[in-house]
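A short write-up of the structure that comes next.
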Amino acid sequence: MAIAIFPGSFDPITNGHVDLVERGLKMFDKVIVSVLVNPNKTPLFTVAERSAIIRRCFPSERVVVDSFRGLLVDFAREKGAKVIMRGLRAVTDFEYELQMAMMNRELFPELETVFLTPQTVYSYLSSKLVREVANLKGDISKFVPPHVEVALKEKFGNASS
Ligand code: ADP
């Protein structure tokens with residue numbers, strides 16, 4: 001069985017991430033969307049909240065939601081995954097992603113990193129930008145699934161608007 005891990009912060013998941021998972025499902029039997037527990041960052045949504053939000057995006061049993069802390073390569077080994085999926089939106093993503101892919105290869109040579117690109121309309125989209133626009137009460141309905149929009153409104157205290 002071909003298992004891919006799609007790691008990230010997903011704070012929160014956006015239509016860009018959803019697009020990538022759907023592409024991944026065409027290539028792999030199972031995609032494990034894996035929320036990184038990062039003690040150095042203060043996220044908007046807790047790991048449990050992010051995981052629950054991600055789960056609601058994917059009815060398919062071939063998408064599994066999990067979280068991990070520590071080294072991604074250790075998590076991949078534990079899950080029996082041989083592929084890491086990452087997104088490349090623009091050139092700006094490239095340097096960091098390449099560094100990570102090379103380091104992960106040093107640590108676990110059998111693990112391949114696969115880069116996918118989203119639909120052009122999502123290529124400028126990031127969780128950070130979505131959080132900022134939502135905080136300023138802007139319309140984010142085109143950028144996230146409806147239940148994510150509701151969760152963001154609840155977080156920023158404008159659930160009734
Ligand atoms: P991280 O903090 O690991 O970058 P993110 O949740 O921001 O976590 O992103 C996880 C992965 O999803 C990364 O590979 C990122 O490049 C990719 N990604 C983020 N936003 C998009 C998008 N709009 N389209 C495609 N890929 C994306």
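For the chain, just the Cα atoms, rotate onto the principal axes and tell me the three extents in Å, largest first.
50, 33, 32
Using +1 on the beta carbon of Lys and Arg, -1 on that of Asp and Glu, and nothing else charged, what's the dipole of segment 1-147 about the Cα centre, debye to 20? Write out the running numbers ahead of the final one.
Values: 19 positive and 17 negative charges, 62 e Å.
Here the size comes out at about 300 debye.
GNM on the chain, C-alpha springs below 10 Å: top fluctuator among L88, L98, L125?
The residue with the greatest mean-square fluctuation here is L98.
Comparing V130, V83, V91, which has the greatest mean-square fluctuation in the GNM of the chain with Cα pairs linked when under 10 Å apart?
V91
Over the chain, with a Gaussian network built from C-alpha contacts below 10 Å, which listed residue (D29, D19, D139) shows the highest mean-square fluctuation?
Looking only at D29, D19, D139, the biggest GNM fluctuation is shown by D139.
Rounded to whole Hz and in sequence order, give me ³J(HN,Hα) for segment 41-46 from the Karplus expression 6.51 cos²θ - 1.76 cosθ + 1.60, θ = phi - 60°, writing x for Gly and Pro.
These are the phi-based 3J(HN,Hα) values: 10, 9, x, 6, 10, 5 Hz.
Over 32 Å between Cα atoms: which of K41/K153; K30/K142; K82/K137 fall into that group? Please report the intermediate quantities before stating the final value.
Numbers: K41/K153 21 Å; K30/K142 27 Å; K82/K137 41 Å.
Cα-Cα > 32 Å for K82/K137; rest within.
Roughly how compact is segment 24-98, stated as its Cα Rg over 2.2 N^0.38 Å to two decimals? Please list the in-between numbers first.
Values: Rg = 13.5 Å, N = 75, 2.2 N^0.38 = 11.3 Å.
Against the empirical 2.2 N^0.38 Å value, I get 1.19 for segment 24-98.
Readers should treat all values here as calculations from the given coordinates under stated rules, not as data from a laboratory. Computed from a prediction, not measured in an experiment: that's the story for all the values here. When we count neighbours, we look across all protein chains shown, and the Cβ atoms used for this are built from the backbone with ideal geometry, even at glycine.
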